[in-house]
Amino acid sequence: MRKPDLRPAALALLVAACTLQAQAQERYGIGRAATPAEIAAWNIDVGGNDGANLPPGSGTVEHGKTVFAEQCASCHGDKGQGGTGDRLVGGQGTLASPKPVKTVGSYWPYAPTLFDYIRRAMPMNAPQSLSDADVYAVSAYVLHLNGLLPADATLDAKSLSAIKMPNREMFVGDPRPDVKMPACTKDC
């Protein structure tokens, strides 16, 4: 079952926040409306199950190995085996065991989620500092370490969305209908 698309709710929340901010500006003479460019800078979410909104660009496993060594290995280990940061590699076949090892390769259901997470949150000391090409490359390297891509692979939006993760079929979608945000009245 397909997971609900939360992007419309997030956009509705952003519009509501901008509306409230505009009302505060009118009422109190402070603040200003966000510009379209400012909104676009925050609108970087990627659809986890379908890769919607993945940016243009690409990255190779080889380039990812270099970026990973420079930006990721100090926390995640040189081969993704873990350290101060989570383990990223291995764990296949352990989820039903008494000590499951939840990694990108054993637990995550959709490959585009990896790109989205790296792009937003990594490296921990400088989130959103990697270029899209570097994020594609690191994603390719981590997927390669998990045996999901060959060493000579190049990853882009189309190829990333096409990867079938080993644990994809073990997740159950949320059967509830999409929640619609109520319209805000002037007295909100």
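Only the coordinates and a few stated rules stand behind these numbers; no lab work does. All of these numbers come straight from a predicted model, not from anything done at the bench. Note that each Cβ is placed from the backbone with ideal geometry, even for glycine, and that neighbours are counted across all protein chains shown.
Label zone of Ser129 (point 7 Å out along Cα→Cβ, amide N under 16 Å): in segment 64-81 this covers 67-76. In terms of overall dimensions, the C-alpha atoms belonging to segment 94-153 reach 38, 28, 17 Å along their principal axes, ordered largest to smallest.
With a cut-off of 15 Å between beta carbons, the residues surrounding Thr154 carry a summed charge of -3, where Lys and Arg count +1 and Asp and Glu -1. From its DSSP helices (H runs of at least four residues, each -39,500 (n - 2.57)), the chain gives a residue-normalised ellipticity at 222 nm of -12000 deg cm²/dmol. Using the Karplus relation 6.51 cos²θ - 1.76 cosθ + 1.60 with θ = phi - 60°, the per-residue 3J(HN,Hα) values for segment 47-61 come to x, x, 8, 10, x, 4, 6, 5, x, x, x, 7, x, 9, 4 Hz, with x marking Gly and Pro. Taking the C-alpha atoms only, the angle from helix 112-121 to the longest principal axis of the chain is near 70 degrees.
How are the alpha carbon pair distances in the chain distributed across 5 Å bins from zero to the largest one, expressed in percent? P(r) for the chain, in whole percents per bin: 1, 7, 13, 17, 16, 13, 11, 8, 6, 4, 2, 1.
GNM on the chain, C-alpha springs below 10 Å: top fluctuator among Gly90, Gly31, Gly48? Between Gly90, Gly31, Gly48, it is Gly31 that shows the largest mean-square fluctuation.
For the chain, lysine pairs with C-alpha atoms less than 25 angstrom apart, excluding pairs fewer than eight positions apart on the same chain, total 13.
Rounded to the nearest whole Hz, the Karplus-based 3J(HN,Hα) values (6.51 cos²θ - 1.76 cosθ + 1.60, θ = phi - 60°) of segment 11-19 follow the sequence 5, 4, 5, 5, 5, 4, 5, 5, 5, with x at glycine and proline.
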